[in-house]
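Report on the structure given below.
The values are calculated or read from the model by the stated rules, or taken from the named source; none is laboratory data. Predicted model only: the values in this text are computed from it and were never measured. A quick note on method: Cβ atoms are made from the backbone with ideal geometry, for glycine too, and the neighbour counts reach across all protein chains shown. The protein model used for the area step is the full one, side chains on, heavy atoms only, and it has no ligands, DNA or RNA in it. Shrake-Rupley method; radii C 1.70, N 1.55, O 1.52, S 1.80 Å.
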Amino acid sequence: MRIGRIIFGVALAAALAAGAAPAAHAQFTGGGSGFGGTGGGSTSGGSSSGGSPSPIAASVIDQGLSASGAGLIRSGATVGDAIIGAHARAKSRMLAGGGTLGLSAGAAPATFGVWVDASGSYISNDAAGKAYEGGGPTFLSGIDATIGNAWVVGFSAGYNRADLNVNIFDGNRVTEGAIVGPYVSYIVNDHVTVDASFTYTRLSTNFTTGPTNPVSGSFNSNRFASAANVNYFDALGPVSIVGSVGYAYAYEHADRFLDSVARAFGTSVDRYGAVKLGLELSYPMGAFEPYLPLGYEYDTTTPQDGAGRSAVLLGVGLRYTLSDTLKAGLVATTEELRSHQRDATIAANLRYSF
């Protein structure tokens, strides 16, 4: 009987350990079980031996961080590519002799330009077991220079923050960090330009579950994002047309960490890749230039938050020429027809050329 009780105790402990372990996920590598926790007391719900509720399961935290992280890398890469790409296209279009088109269109191109861009984004996901919602600001600034008659080189720097409510662990996560990186554009001819950008973001994340017996934790991550686009400029009567095709890719590696009940979480990796098609229609009206940005995106990587692979981008914007050297703009966009996902962004920019 004593041997039977020992065997039963070992089997019970193994079953409890298996229930606390997170489901295997190809996204995660490293010590422990990726973003799954080990050690530090119970990882399941219910009551502990003292009668108080046990900490939320590490596997639940794992799932919430994974899903919301997938949304953040997609949103961050999309917003960054849109902002930097718009300034690169505007400057190269001027060099190509494109008249009034672009953020800094108007007078003959200057040698240098500086710009600032402030945007706010909202993202939400309603996939079962992976839902989250929230948003935050992105601030970017840049400086670029004309080299010869065909090249524009620039450097951007800024800050990004996102505050999300994560449904599965009834808590929130805050992710923020600094962004830096170069960009370049090449003028092929009067109608075609090519641009590319690269950014590095050092991020810190803090999360809290709750409200019952909350668990908290924090970790750092490194995000690398790149994008390349081929752009075509033309006009149909008074309407200016910009078409673009490109590809964006982002990679993020998160460090291992311990949560507030001393459970070990391993490293994790997020990837995002997408083919993007864009079309912009604008109509100059004196100092004003209203325009419609449209687009289509297809993810080449599998979304880890249950969202669909494809989406349509719809927007409306207005550019205003304050002087030959100072331009301003405002644009609002929304991402539609992506299953389980909704993104919206509003951005304002200012550019000075000299």
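In the range 92-124, which residue that is open to solvent by less than 30 Å² (accessible area, probe 1.4 Å) and in a loop (DSSP other than H, G, I, E, B) is modelled with the highest pLDDT? Result: Ala96.
When you scan the range 338-348, do you find a residue that is among the hydrophobic types (A, V, I, L, M, F, W, C), farther than 30 Å from Asn222 by Cβ and more than 16 Å from the chain's Cα centre (by Cα), even just one? Checked the range 338-348: no residue is among the hydrophobic types (A, V, I, L, M, F, W, C), farther than 30 Å from Asn222 by Cβ and more than 16 Å from the chain's Cα centre (by Cα). Restricting attention to the range 216-225, the residues that are open to solvent by less than 50 Å² (accessible area, probe 1.4 Å) and within 27 Å of Val194 (Cβ to Cβ) total 2. Residues in the range 125-158 that are open to solvent by 60 Å² or more (accessible area, probe 1.4 Å) and in contact (Cβ under 8 Å) with a residue 40 or more places away in the chain: Asp126, Ala128, Lys130, Asn149. Just the residues that are under 22 Å from Ala332 (Cβ atoms) and without any contact (Cβ under 8 Å) to a residue 40 or more places away in the chain, please, taken from the range 159-172. Once the filter is applied, which keeps residues that are under 22 Å from Ala332 (Cβ atoms) and without any contact (Cβ under 8 Å) to a residue 40 or more places away in the chain, the range 159-172 yields Tyr159, Arg161, Asp163. Close Cβ contacts (under 7 Å, 6 or more residues apart or on different chains) running from residues in the range 303-332 that are modelled with pLDDT of 95 or more and aliphatic (A, V, I, L, M) to residues that are in a loop (DSSP other than H, G, I, E, B) and surrounded by fewer than 21 Cβ atoms within 10 Å (Cβ to Cβ) comprise Ala307/Ala127; Ala307/Arg338; Ala307/Ser339; Ala307/His340; Ala311/Leu337; Ala311/Arg338; Val312/Leu337; Ala328/Leu322.
Looking only at the range 127-178, residues that are closer than 30 Å to Pro214 by Cα and part of a loop (DSSP other than H, G, I, E, B) come to 9 in all. Can you tell which of Ser185, Ser204 is touching a Phe, Trp or Tyr at 6+ places or on another chain (Cβ under 9 Å), of a type in the set (Ser, Thr, Tyr) and under 22 Å from Gln304 (Cα atoms)? Being touching a Phe, Trp or Tyr at 6+ places or on another chain (Cβ under 9 Å), of a type in the set (Ser, Thr, Tyr) and under 22 Å from Gln304 (Cα atoms) holds for just one of Ser185, Ser204, which is Ser204.
Restricting the range 52-76 to residues that are small (Gly, Ala, Ser) and over 19 Å from the mean Cα position of the chain (by Cα), the residue that is most open to solvent (accessible area, probe 1.4 Å) is Ser52.
Tell me whether the range 296-313 contains one or more residues that are under 26 Å from Val116 (Cα atoms), more than 16 Å from the chain's Cα centre (by Cα), surrounded by 16 or more Cβ atoms within 10 Å (Cβ to Cβ) and of a type outside the set (Phe, Trp, Tyr). No, because not a single residue in the range 296-313 is under 26 Å from Val116 (Cα atoms), more than 16 Å from the chain's Cα centre (by Cα), surrounded by 16 or more Cβ atoms within 10 Å (Cβ to Cβ) and of a type outside the set (Phe, Trp, Tyr).
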